[in-house]
Amino acid sequence: MIVRIMGEGQLTLADGRLGELNKLDDELLAEMENGDGPGFRETLQALLAKVRELGEPLPDETLEPSDLILPSPDATLEEVQELLSDDGLIPGSA
C-alpha cells in the first residue's frame, strides 16, 4: 500500500501493518468528536510517527497513486475532519 503524508512524501506500508495504526486512528477520531484539541494534536503526531516507523519512504522522484492520504503534521482539526471517512483516516478502524 502507498501512503502519502501531505507535505512530506510517500511511503510503502504492508497492508498487514494497518491494524497497528487502527488504535491510534480510533483515539484520534474520539478526540475530534470530543473537541480535544491537545489530545488530537498529540495523537496525530503519534499516528504519523508510527507510519514513518513502519513504512519505507519512496524516492522523491517517484510518484505513485496513493492508497491512503494522511494529513500533514500541522493540519488543523477542521482540515483532518475533511479527510475522514466512516472508518476514520485508516481503513478498517472505528
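The values are calculated or read from the model by the stated rules, or taken from the named source; none is laboratory data. Bear in mind that the values here come from a model prediction, so they are computed numbers and not experimental data. Areas reflect the complete protein model, heavy atoms only, side chains present, ligands, DNA and RNA absent. Shrake-Rupley method; radii C 1.70, N 1.55, O 1.52, S 1.80 Å.
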Per-residue ³J(HN,Hα) for segment 20-34, Karplus 6.51 cos²θ - 1.76 cosθ + 1.60, θ = phi - 60°, Hz, x for Gly and Pro: 5, 8, 4, 4, 5, 5, 4, 4, 4, 4, 5, 5, 5, 5, 8
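What length, rounded to one decimal in nm, is gained on full extension from D74 through to Q45, with 0.36 nm per residue of separation minus their alpha-carbon distance?
So the extension gain works out to 9.6 nm.
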In degrees, nearest ten, helix 37-54 long axis to first principal axis of the chain (Cα): 20
Chain lengthening between N34 and E56 when straightened (0.36 nm per residue, less Cα-Cα): 4.6 nm
Segment 5-10 - phi-based ³J(HN,Hα) in whole Hz, Karplus 6.51/-1.76/1.60, Gly and Pro as x: 9, 4, x, 10, x, 10
Accessible area in square angstrom per residue, the chain, 1.4 angstrom probe: 56
Range of Cα positions in the chain per principal axis (Å), largest first: 39, 25, 21
Portion, in percent, of the accessible area of segment 29-77 that falls on carbon or sulfur, probe 1.4 Å: 51
Structure-based [θ]222 nm, the chain - -39500 (n - 2.57) summed over DSSP H runs of at least 4, per residue, nearest 500: -14000 deg cm²/dmol
